[in-house]
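Okay, so here's the structure we're looking at.
The values are calculated or read from the model by the stated rules, or taken from the named source; none is laboratory data. Keep in mind the model is a prediction, meaning the values are calculated, not measured. We place every Cβ from the backbone using ideal geometry, glycine too, and count neighbours over all the protein chains shown. What goes into the accessible areas is simple: the full protein's heavy atoms, side chains included, and nothing from ligands, DNA or RNA. Shrake-Rupley method; radii C 1.70, N 1.55, O 1.52, S 1.80 Å.
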Amino acid sequence: MTDEEGHRIEIIIGRLLQIGVGLSAVTVAFGAIVYLVQHGLENPPYGKFRGEPSGLTSFSGVFSGVAAFHGVAIIQLGLLLLIATPVARVLFSLLAFLHEKDWLYGFFTLIVLSVLAYGLFSR
């Protein structure tokens, strides 16, 4: 890999991270505004702890909540985007290493991607 190609890949990865974090922040902020508009005047039940709604623990639940325009689901989508950002960076790095025929780094990046996928999708 030449220095120019390496620099170009670093620029693309930097942009990918900036866009992912920015999109996540905008999504969370929008979800917070929607949530406050829908529930801002309610008195929270401080005497009773309620964990995360069960509908927001799966991708399909989050997406159906977003389709129904629930503020909490939009916030959750923003957090999923934030989690997906470094995963996308690792995936892009894998593709770049394979394109450059750098098999050793590609192999190690595939291991990292496998560990991330296992951590995200196992229950």
**Request:** Would you check which residues across the stretch 25-55 are open to solvent by less than 80 Å² (accessible area, probe 1.4 Å), farther than 23 Å from residue 91 by Cβ and among the hydrophobic types (A, V, I, L, M, F, W, C) and list them?
**Result:** 29, 32, 34
**Request:** For residue 78, indicate whether it is in contact with a helix residue (DSSP H, G or I) (Cβ under 6 Å, 6 or more places away or on another chain) and closer than 26 Å to residue 18 by Cα.
**Result:** yes
**Request:** Kindly indicate which of 82, 77 is open to solvent by less than 100 Å² (accessible area, probe 1.4 Å), in a helix (DSSP H, G or I), closer than 24 Å to residue 121 by Cβ and touching a Phe, Trp or Tyr at 6+ places or on another chain (Cβ under 8 Å).
**Result:** 77
**Members of the stretch 96-116 that are charged (D, E, K, R) and in contact (Cβ under 8 Å) with a residue 40 or more places away in the chain** = 100, 102
**Request:** Could you tell me whether residue 73 is of a type in the set (A, V, I, L, M), in contact with a helix residue (DSSP H, G or I) (Cβ under 9 Å, 6 or more places away or on another chain) and closer than 28 Å to residue 12 by Cβ?
**Result:** no
**Message:** Considering only residues that are assigned to a helix (DSSP H, G or I), of a type outside the set (Phe, Trp, Tyr) and open to solvent by less than 60 Å² (accessible area, probe 1.4 Å), which ones fall in the stretch 85-115?
**Reply:** 85, 87, 88, 90, 93, 94, 96, 106, 109, 113
**Condition check for residue 63: of a type in the set (Phe, Trp, Tyr), modelled with pLDDT of 95 or more and assigned to a helix (DSSP H, G or I)** = no
**Prompt:** Could you count how many residues in the stretch 1-11 are free of Cβ contacts under 8 Å to residues at least 12 places away in the same chain and either open to solvent by less than 90 Å² (accessible area, probe 1.4 Å) or small (Gly, Ala, Ser) (or both)?
**Reply:** 3
**Request:** Look through 14, 22, 119 and report the one residue that is part of a helix (DSSP H, G or I), surrounded by fewer than 15 Cβ atoms within 10 Å (Cβ to Cβ), modelled with pLDDT under 95 and within 15 Å of the chain's Cα centre (by Cα).
**Result:** 119
